[in-house]
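The values are calculated or read from the model by the stated rules, or taken from the named source; none is laboratory data. Please read all numbers here as calculations on a predicted model, not as lab measurements. Here the Cβ positions follow ideal geometry from the backbone for every residue, glycine too, while neighbour counts run over all protein chains shown. Only protein heavy atoms, including side chains, enter the accessible area calculation; ligands, DNA and RNA are left aside. Shrake-Rupley method; radii C 1.70, N 1.55, O 1.52, S 1.80 Å.
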Amino acid sequence: MPVMSVRGCPYGCTFCSVHSVWERRITRRSIEGIMREVLSVKDQIREITFHDDTFVLNKQRVYAIIDAMKAEGIHLPWRCNGRVNTTDDEDLLKTMVDSGCRRMMIGLESGSDMVLQKIRKEFTAQQALEMLNHASKYFARLDLTFIWGYPFETMEDFYQTLEILGEAKRLPAEMYFHSHLLCAFPQTEMYREYKHLARFSRVFILPNELSCLPTGSPTFQN
Ligand code: SF4
């Protein structure tokens, strides 16, 4: 069952369309409202997916949602999106897993510090590895997204991404990698800066284990 607990994201990643639409405002639903929604279908569902762009924004709120699920007798597996710099707390990670969190998606985006800085992820490759190291002590599975095709990305940056994925693969958790060719979403900061390089693409068909780019999405030519 898909559930939204928060709309919007306060971060400013330059490729992301979320803050182009919602600016950097976030709107939180009440925890009681979320519980009412889940309880109304609790017996018909097998799992909850929190679809917030970043579910783990505020640790106290995550603890409060977990406590509320426990208090309401909601013992379902659930999954969510985290962020490197908000999910680096081992107590939080353990509490999430103990309460049924089975999968967490983390936007890694690149293994190159130069790229991470330019796209404003607000963490370094080393910090990402440390967070994954902590998370893999508790999670059996982690999903990592990364992007290629930044207009300023060199092959050296791309190899650094492959290296960090290789490092992550050596950790105990099962790692699922989701690869995305950068899409030039209009009104993103990156689009505004590099729109002279944007072009509409052909259909990209990638190998099975990699994500496909929707037909005709604009990409950057570098
Ligand atoms: S990529 Fe994720 S963390 Fe960055 S602005 Fe978008 S939703 Fe927020």
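Mind checking which residues of the stretch 176-222 are modelled with pLDDT under 85 and part of a strand (DSSP E or B)?
198, 199, 200, 204, 213, 218, 219, 220
Can you pull out every residue in the stretch 119-141 that is in contact (Cβ under 8 Å) with a residue 24 or more places away in the chain, open to solvent by 20 Å² or more (accessible area, probe 1.4 Å) and within 21 Å of residue 92 (Cα to Cα)?
122, 127, 129, 130, 133, 134, 137, 138, 140, 141
Can residue 38 be described as modelled with pLDDT under 95, over 27 Å from residue 129 (Cα atoms) and either touching a Leu at 6+ places or on another chain (Cβ under 8 Å) or of a type in the set (A, V, I, L, M, F, W, C) (or both)?
no
Across the stretch 1-52, what is the total count of residues that are open to solvent by less than 50 Å² (accessible area, probe 1.4 Å), within 16 Å of the ligand (Cβ to nearest atom), free of Cβ contacts under 8 Å to residues at least 60 places away in the same chain and part of a helix (DSSP H, G or I)?
Residues meeting the conditions: 2.
Could you grab me the full set of residues in the stretch 142-176 that are over 14 Å from residue 115 (Cβ atoms), in contact with a Ser or Thr (Cβ under 8 Å, 6 or more places away or on another chain) and surrounded by fewer than 16 Cβ atoms within 10 Å (Cβ to Cβ)?
If the condition is that a residue be over 14 Å from residue 115 (Cβ atoms), in contact with a Ser or Thr (Cβ under 8 Å, 6 or more places away or on another chain) and surrounded by fewer than 16 Cβ atoms within 10 Å (Cβ to Cβ), then 172 is the only one that fits.
Within the stretch 60-75, can one find any residue that is open to solvent by 60 Å² or more (accessible area, probe 1.4 Å) and either of a type in the set (Ser, Thr, Tyr) or within 16 Å of the ligand (Cβ to nearest atom) (or both)?
No.
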